[in-house]
1. If you go through the range B:370-389, how many residues are modelled with pLDDT under 95 and within 24 Å of the chain's Cα centre (by Cα)?
2. Between B:Ser74, B:Ser113, B:Ser83, which is polar (S, T, N, Q), more than 16 Å from ligand 2 (Cβ to nearest atom) and away from chain A (no Cβ under 14 Å)?
3. Can you pull out every residue in the range B:120-155 that is at pLDDT 75 or above, more than 10 Å from chain A (Cβ to nearest Cβ) and in a loop (DSSP other than H, G, I, E, B)?
4. For residues that are on the phi > 0 side of the Ramachandran plot and within 14 Å of another protein chain (Cβ to nearest Cβ), scanning just the range A:222-280, find the one that is nearest to the chain's Cα centre (by Cα).
5. When you scan the range A:143-162, do you find a residue that is without any contact (Cβ under 8 Å) to a residue 24 or more places away in the chain, within 30 Å of A:Phe80 (Cβ to Cβ) and basic (Lys, Arg), even just one?
6. Just checking, does the range A:313-327 include any residue being away from ligand 3 (no atom under 16 Å from the Cβ) and in a helix (DSSP H, G or I)?
7. Give A:Gly343, A:Gly333, A:Gly304 a once-over and let me know the one that is out of contact with any Cys (no Cβ under 8 Å at 6 or more places or on another chain), assigned by TED's automatic domain parsing to the domain that holds A:Phe233 and modelled with pLDDT of 95 or more.
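The values are calculated or read from the model by the stated rules, or taken from the named source; none is laboratory data. All values derive from a computational prediction rather than experimental measurement. In this analysis, Cβ positions are derived from the backbone assuming ideal geometry, glycine residues included, and neighbour counts consider all displayed protein chains.
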Amino acid sequence: MLEKAEVVVIGGGVVGLSVAYNLVKRGVGKVSVLERRYLGSGASTRNCCGIRSQFGAEENIRLARESKKIFQGLTAELGFNILHIKGGCMMLASTPEEAEILERNVRLQNRLGVNTRLLNPGELRARFPYLNPDKIRAASFDPTDSKAHHDAVVMAYSEACRRLGVELNTYTEVKGFKVEGKAIRAVKTSRGEVKCSRVVNAAGVWSRQVARMAGVNLPNRPLRAEGMVTEPFHYFLDPTIVHLNGPLELTQTLRGELVGGLADGEDFSLNLNSSLSFAENFCKRAVEIFPRLKFANLMRQWAGYFDVTPDGSPVLGPAEEVENFFQANGFSGHGFTLAPVVGRLLAEVIAKGKATPSLEPFYPSRFREGKLIVENTAPVDRLSWASTLPEASSSAPSR
Amino acid sequence: MQGERYSPRIQEHPILSFERGRKIKFFFDGREIEAYEGETITAALYAAGIRQLTESLKYRRPRGFFCAIGKCSSCLAQVDGVSNVKTCVTLVKEGMDVRSQKRKFSLLGSLVSAALKRGLFPSVGGHYKKLVGGPLVWPLARRAIKAMAGFGEFPEPNPTLGKFLPSETWEGDLVVIGGGPAGISAALYGAKLGLKVALVDENSRLGGQLVKQTHRFFGSKEYYAGTRGFEIGRILEKEAASYSNITVLLDTTVFGFYPGNILGAVQKIDFCKEKMVKLRAKRMVFATGAYERTLIFENNDLPGVMGAGGVQTLMNVQGIRPGKNGLIIGAGNVGLILAYQLLQAGVRVEAVIEAMPGVGGYFVHAAKIRRAGVPILTSHTILKALGKGSVEGAVVAKLDDKWNPLPGSEKELECDFICVAVGLHPSFELPYQAGCQLKYVPELGGMVPVHDQWMETSVPGIYIAGDTSGIEEASTAILGGRIAGLSAGLSLVKDREAEKLRSEFVKALEEFRDNPLSAKIREGKKKAQPR
Ligand SMILES: Cc1cc2nc3c(=O)[nH]c(=O)nc-3n(C[C@H](O)[C@H](O)[C@H](O)COP(=O)(O)OP(=O)(O)OC[C@H]3O[C@@H](n4cnc5c(N)ncnc54)[C@H](O)[C@@H]3O)c2cc1C
Ligand SMILES: Cc1cc2nc3c(=O)[nH]c(=O)nc-3n(C[C@H](O)[C@H](O)[C@H](O)COP(=O)(O)OP(=O)(O)OC[C@H]3O[C@@H](n4cnc5c(N)ncnc54)[C@H](O)[C@@H]3O)c2cc1C
Ligand code: FES
């Protein structure tokens, strides 16, 4: 392991790897990634592979729109097939309130040049005969949304990192920092110390714990989200289907499995054991929307977390308390979509040492300044935002 | 017996009698097939000479059934519009519409399949690295991959099917998973201590492996030696039924262990009619037995290559002959007994092949089949299965002392089915999910949960018994089960008598294993002790 690096990236998930890759590409010098377990062991290989820009805040839509462009050419850029499929994404709403959100968001997205459309009931039935029309009040569809294989994306970035000389340290846990004044001088790990001039916190749902080690307070909260796959069927489902309530997500992989997920509640234990209540709730809810699913068998299930912020939008940029400590977390369930663009923009900020306009609204200082982004598709209201919250346990996940 | 005119359904059997239900008709790929109520779809199709049910995903190789107990997924077919039904554990019904899941012909699909067979992507994950160049490569490849994906169509809407009943919760002191000799014994001895017990098994009757065994069991008289396997099963089954504090849940498969000592299970009531059962208990005994190992040889996936247990299920439970002339791979007890059972059922046995220089099973079993004229070829192995669509023969060869096939010793044997009887592996998934420490102990058959003499694992309150704790036999499974049941009970209630009884059972186990044939087991049990 290096004794000294220009930039240390904490977290070997899709976000950390994307940041590291873009940093070396810009030639910032030695970059070292520190990962507690194996690459992609966090949410990055536990998600449902959806890439979409159907958000409710202008800042997020812009960011996602750029990320979608990068995804288009990512296979060629990284020399590794990420199994990208432009099948579109359909967002569903059941209650009048949810329907209103969709309608409002479509208007906003259209204004920003994203071609989302509300589908009328006839179109819905014709294009998606699998869905239960009685349970759907409104649906919006963006044909330019897509999906890619999450493992492939993690592998693609990590192979590119390796090729460009990034040091990928797995089974290396960050334990603390050496902070002098308003700057981190070194990162303390389970395998020794690394001196560095800048640090990126891309530790996913564990980012809050990591930040606290440097005396930085993040408002992020963990929301448990679990996933499952069925047995493989002949391929029939190109789009990703997302119900706003949850969100609940469903699509099909290129092997033919239906893969789905559901966010189902605050959980500070941060353990990665899958739960029976997810299996039960997901099956019930998914069958309501997708009745024929009752004939499919659930084959495997797993658990992960969303790292949710009070405004459902990511925390990107330098911390106020420690200036060379850059945040790349709080993705609130959208980090897979945003990883490519965030890597690019953050690398730019770190390399140039000055802010980019598209990143500024996401700076951590926004919470103190009260300049929240307000993203209405993120499950923000499902969490308790009271100030007296339990400490997140720092124990390593058991699975 | 060997001379009897061949008919797939066994009419006369020296030991077993098969009660067949009403004669019914169903359809396979549009063809009308006769069957009897109570038969599985696989069995009825097999009796009608149909062996291929589906095909493999990538190379489109024909697939037939292998395990016959719902564990391997090689018998999938579409039934009444529902894809991927395990036909080996689904009972046939009047008018059922069963379809093989062969893929419709598509030029693209066939081309890709052929290209894959030629080694288009020689390395694992090769498609990640090769399909990157040019704007056309991926769109084309993607279409091809989509055309090849998955088994079976996404189910058709079928309003008459798919009743899912509200879930049920059972709460009590002890859940025992697995209703073989070990599990039944654990439930009985837990119940004797007054515990509220649930005994769960995925089959429609208790007995586990015993249900399929027609021979008189070995071991000591106290543990039913001299009685035929299936009869021991019935005795234990009856005893379990006599306890009002044992709830027996049949047709119920436990699919997972979840935090908080909760088990998730599915109870099958009818085709596409299921109920989720949540089981929560203070103590658990895992007695889920074992499953069969397979063997690597060319064409080992050809329909007609089956697990020994699969053949036993077909023949001794369903009453259907697996073929006219079988080849058995493995001369351990299972292989030898199977050879004898085949002869009992009026099926010829071409030979028993054994890689070791000597027979692994008991001498008496070997002598019995040799007397019946079945050759046992030691220091031999199978090189490949022959046949198109299903087994028509096999190539075997002699092995040198370094286990390499001797060139020139290859010889073709005739047979229309092949039984793989190369040993069992403890089933360890549930204890693993529960966080029990596992250890690789070859003497016990592979990965086993570490356990002490009281059959407790590294997780307090979780016990194991029977083949799950090491591949052995029925008598030791019964003793182990009793110890596990008593240990679970004694951790909840105080009982001096029960403590004494448990020590006696531990001693009895030691005595039982105190012979040269059990040296390996003794060694293995030592290794599986917690440190
Ligand atoms: C079920 C589910 C479905 C989802 N579906 C989608 C979707 O369809 N679309 C979408 O865009 N997003 C989706 N997401 C969200 C997305 O997966 C995440 O936002 C994204 O993966 C975040 O990536 P990351 O690299 O920031 O975090 P992670 O992948 O969690 O990486 C963080 C890494 O940091 C490591 N780490 C933690 N602490 C330390 C330490 N002290 N020292 C060293 N390393 C440490 C962890 O081991 C981990 O590997 C979903 C998430 C879940 C759980
Ligand atoms: C051909 C053959 C001949 C044999 N001959 C002899 C002999 O002569 N003498 C002798 O002593 N022994 C003999 N044995 C060995 C003996 O049958 C086994 O050692 C004994 O049956 C093991 O008992 P058990 O209870 O551990 O497992 P099993 O009998 O295998 O029972 C396990 C049960 O658990 C069920 N189960 C598994 N997983 C689940 C789940 N997730 N949910 C619900 N249910 C589940 C299974 O379906 C099964 O019914 C023979 C075995 C074979 C195969
Ligand atoms: S699952 Fe049916 S043969 Fe194995």
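1. Result for the range B:370-389: 1.
2. On the way: B:Ser74 fails: away from chain A (no Cβ under 14 Å); B:Ser83 fails: away from chain A (no Cβ under 14 Å).
From the options B:Ser74, B:Ser113, B:Ser83, the qualifying one is B:Ser113.
3. Scanning the range B:120-155 gives a single hit, B:Leu136.
4. Here is the first cut: in the range A:222-280, the ones on the phi > 0 side of the Ramachandran plot are A:246, A:256, A:265, A:270.
In the following step, the residues that additionally are within 14 Å of another protein chain (Cβ to nearest Cβ) were identified as A:256, A:270.
Working: A:Gly256: 24, A:Leu270: 16 Å.
The residue in question is A:Leu270.
5. Step one: filter the range A:143-162 for residues without any contact (Cβ under 8 Å) to a residue 24 or more places away in the chain, giving A:162.
Restricting the remaining residues to those that are within 30 Å of A:Phe80 (Cβ to Cβ) gives A:162.
Filter once more, so that each one left must be basic (Lys, Arg): A:162.
Within the range A:143-162, one or more residues are without any contact (Cβ under 8 Å) to a residue 24 or more places away in the chain, within 30 Å of A:Phe80 (Cβ to Cβ) and basic (Lys, Arg).
6. As a first pass, look at the range A:313-327 and keep what is away from ligand 3 (no atom under 16 Å from the Cβ): A:313-327.
Pick out the ones that are also in a helix (DSSP H, G or I) and you get none.
No; the residues of the range A:313-327 include none that is away from ligand 3 (no atom under 16 Å from the Cβ) and in a helix (DSSP H, G or I).
7. Values: A:Gly343 fails: assigned by TED's automatic domain parsing to the domain that holds A:Phe233; A:Gly333 fails: assigned by TED's automatic domain parsing to the domain that holds A:Phe233.
The unique qualifying residue is A:Gly304.
Here is a yes/no grid of residues against (1) surrounded by 24 or more Cβ atoms within 10 Å (Cβ to Cβ); (2) free of Cβ contacts under 8 Å to residues at least 60 places away in the same chain; (3) out of contact with any Phe, Trp or Tyr (no Cβ under 6 Å at 6 or more places or on another chain); (4) within 14 Å of chain A (Cβ to nearest Cβ):
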| site | (1), (2), (3), (4) |
| --- | --- |
| B:Phe164 | no, no, yes, yes |
| B:Glu168 | no, no, yes, yes |
| B:Asp173 | no, no, yes, no |
| B:Ile184 | yes, no, yes, no |
| B:Ala187 | yes, no, yes, no |
| B:Gly190 | yes, no, yes, no |
| B:Gly194 | no, no, yes, no |
| B:Arg205 | no, yes, yes, no |
